[in-house]
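Asker: Here it is: the structure, laid out below.
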């Protein structure tokens, strides 16, 4: 039976504001509260672990130590940046701190320029775009950009059993070796960039990511393959260096199912790796990719990287930049692969996030993926991240529309 993505969350819509109450907060907060209430969100005076959206104002001193109180919290870090003569075409590295230092789901940066103040958005996947706003419209622009994202639910509940037969583990060694080689292939083309330097993420933030989400580190992209004997889905682990995958030491893990009701992700690994994998989890995209492989049995291999292809003809652009590891990301991918002519050799792109490239059920499935990506050409910037200024209507138009190119 095909396991479908779980039903949308029906939790009441709430929001809260938290952080430094300075002059910037005093200017932005009242209008933001007004717009959120107008769209049906109730304000929590003090946010809790069930609050949907949390606007965090870190202040000019960039304080460390903000940690959300629950997995349901969708955190937007709202900050004012120093004036700039012009916005750069690609994301300035200093902009990324607002995401890495606060573990936020999205950064919203107000940047003064000679042409007026610009509202720039930074995604954890290195997406970067800016919106035309005025003092009267910035709050509506902020709402339009975040509301589809805030409805997404993280699917990071794993159950790992160390009971995989050694014979199955050994039989799949060639698959894991090809996944290792795929990581090297992406790295050689600059498609596995480091999201940030180690010093960009304070130790307290790293500790928080583990205790809240069981995430051991931050790294980009993933590689996956269908087990040729039907045992499940082999996928890279979260937080590892994907340019240096150890195919025998637990850097590639076996997903055996995703519960359609609870979204619990079931994992099996051999007992000889139990001690080594106590703090290891599969890719945060595991549930969504499981849905894709289930929906399209002709797909045998897949590469995901936070970049784009040059030749987009025949690709599909999904409807929004849904966060990694969420139900809406997985559902968007299923819709996207359903629109291509041949799901077994396709590229699905997500705005401000990245690409998923598939290969068929063959022994050399990655070779076909390599050839297709080489033919199209690749860049390390996520889709649409260099388009310049967008209008509020253009951002709104992305929501709910899947585009075939």
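Asker: For the stretch 107-178, which strands (runs of 3 or more DSSP E) that fit wholly inside it have 3 or more residues that are surrounded by fewer than 22 Cβ atoms within 10 Å (Cβ to Cβ)?
Answerer: Values: elements: 116-122, 128-131, 158-161.
Result: 116-122, 158-161.
Asker: Then there is this: If you scan the stretch 363-405, which residues turn out to be modelled with pLDDT of 85 or more and closer than 24 Å to residue 228 by Cα?
Answerer: 366, 367, 368, 369, 370, 371, 372, 373
Asker: Turning to a different aspect of this structure: Is there a residue being assigned to a strand (DSSP E or B) and under 19 Å from the mean Cα position of the chain (by Cα) anywhere in the stretch 360-372?
Answerer: Restricting attention to the stretch 360-372, the residues satisfying the condition of being assigned to a strand (DSSP E or B) are 360.
Restricting the remaining residues to those that are under 19 Å from the mean Cα position of the chain (by Cα) gives none.
Looking for residues that are assigned to a strand (DSSP E or B) and under 19 Å from the mean Cα position of the chain (by Cα), one finds none in the stretch 360-372, hence no.
Asker: Further question: Please verify whether the stretch 185-200 includes one or more residues that are within 20 Å of the chain's Cα centre (by Cα), in a helix (DSSP H, G or I) and modelled with pLDDT of 90 or more. Give the steps one after another, and end with the answer.
Answerer: As a first pass, look at the stretch 185-200 and keep what is within 20 Å of the chain's Cα centre (by Cα): 186-187, 190-198, 200.
Restricting the remaining residues to those that are in a helix (DSSP H, G or I) gives 186-187, 198, 200.
If we keep only those that are modelled with pLDDT of 90 or more as well, we get 186-187.
For the stretch 185-200, residues within 20 Å of the chain's Cα centre (by Cα), in a helix (DSSP H, G or I) and modelled with pLDDT of 90 or more: present.
Asker: Which of the residues that make up the stretch 149-167 are farther than 20 Å from residue 289 by Cα and within 16 Å of the chain's Cα centre (by Cα)?
Answerer: 150 - this is the single residue of the stretch 149-167 that is farther than 20 Å from residue 289 by Cα and within 16 Å of the chain's Cα centre (by Cα).
Asker: For the stretch 79-94, which positions are closer than 26 Å to residue 326 by Cβ and either in contact (Cβ under 8 Å) with a residue 60 or more places away in the chain or surrounded by fewer than 20 Cβ atoms within 10 Å (Cβ to Cβ) (or both)? If you could, list the steps in order and put the result at the bottom.
Answerer: Taking the stretch 79-94 first, the residues closer than 26 Å to residue 326 by Cβ are 79, 90-91, 93.
Matches in the stretch 79-94: 90, 91, 93.
The values are calculated or read from the model by the stated rules, or taken from the named source; none is laboratory data. None of these values were measured; they are calculated from a predicted model. Here Cβ is always computed from backbone atoms with ideal geometry, including for glycine, and neighbour counts include all displayed protein chains.
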